[in-house]
Amino acid sequence: MANFYLVLCVLGVVVPYGFFLPWLLDHGLDLPLFVTELLSTRVGAFFGADVIVAAVALLGFVAAEGRRAGVKGLWAPVLGTICVGVSLGLPLFLYLRERARARG
């Protein structure tokens, strides 16, 4: 499973940034425009709200489950979630948890 989670980490960066980087090159780091475009349609707002709620839930899960399972490096999935999103944060945490289980 650890290798599967690592593959998902790579996909979790490559796929979202494949959409974001062209936008970033066109507009720069224009956060007001980013939020405006994200919320410009009900479907976009739906996905944006869904991801924000999922990210908050993930951060709580990382904190609680990470401590319980003795996972080291919990800062990495937190930073991954903030910088990329749930698509990186979740598989990275699951990978770290698998490593902690393997250590025993």
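The values are calculated or read from the model by the stated rules, or taken from the named source; none is laboratory data. Everything numeric in this text was worked out from a predicted model, so none of it was measured. Using ideal geometry, Cβ is built from the backbone for each residue, glycine included, and neighbour counts are taken over all protein chains shown. Note: areas computed on protein heavy atoms with side chains; ligands, DNA, RNA excluded. Shrake-Rupley method; radii C 1.70, N 1.55, O 1.52, S 1.80 Å.
Ala54 satisfies every condition listed in (1) closer than 14 Å to Tyr5 by Cβ; (2) touching a residue at least 24 places away in the same chain (Cβ under 8 Å) except (1). In segment 32-46, the qualifying residues are those that are open to solvent by 90 Å² or more (accessible area, probe 1.4 Å) and modelled with pLDDT of 95 or more, and the one that is nearest to Pro91 (Cα to Cα) is Phe46. Checked against (1) assigned to a helix (DSSP H, G or I); (2) surrounded by 12 or more Cβ atoms within 10 Å (Cβ to Cβ), Gly73 meets all criteria but (1). Being farther than 16 Å from Thr81 by Cα, assigned to a helix (DSSP H, G or I) and either touching a residue at least 12 places away in the same chain (Cβ under 8 Å) or touching a His at 6+ places or on another chain (Cβ under 8 Å) (or both) is true of Phe34.
Here segment 8-31 is the region considered, the condition is being among the hydrophobic types (A, V, I, L, M, F, W, C), more than 16 Å from Val86 (Cβ to Cβ) and assigned to a helix (DSSP H, G or I), and the residue that is most open to solvent (accessible area, probe 1.4 Å) is Leu25. Can you confirm whether Gly89 is farther than 22 Å from Tyr17 by Cα, at pLDDT 95 or above, in a helix (DSSP H, G or I) and not basic (Lys, Arg)? Criteria not met by Gly89.
With respect to being modelled with pLDDT of 95 or more, surrounded by 11 or more Cβ atoms within 10 Å (Cβ to Cβ) and more than 17 Å from the chain's Cα centre (by Cα), Ala63 falls outside the description.
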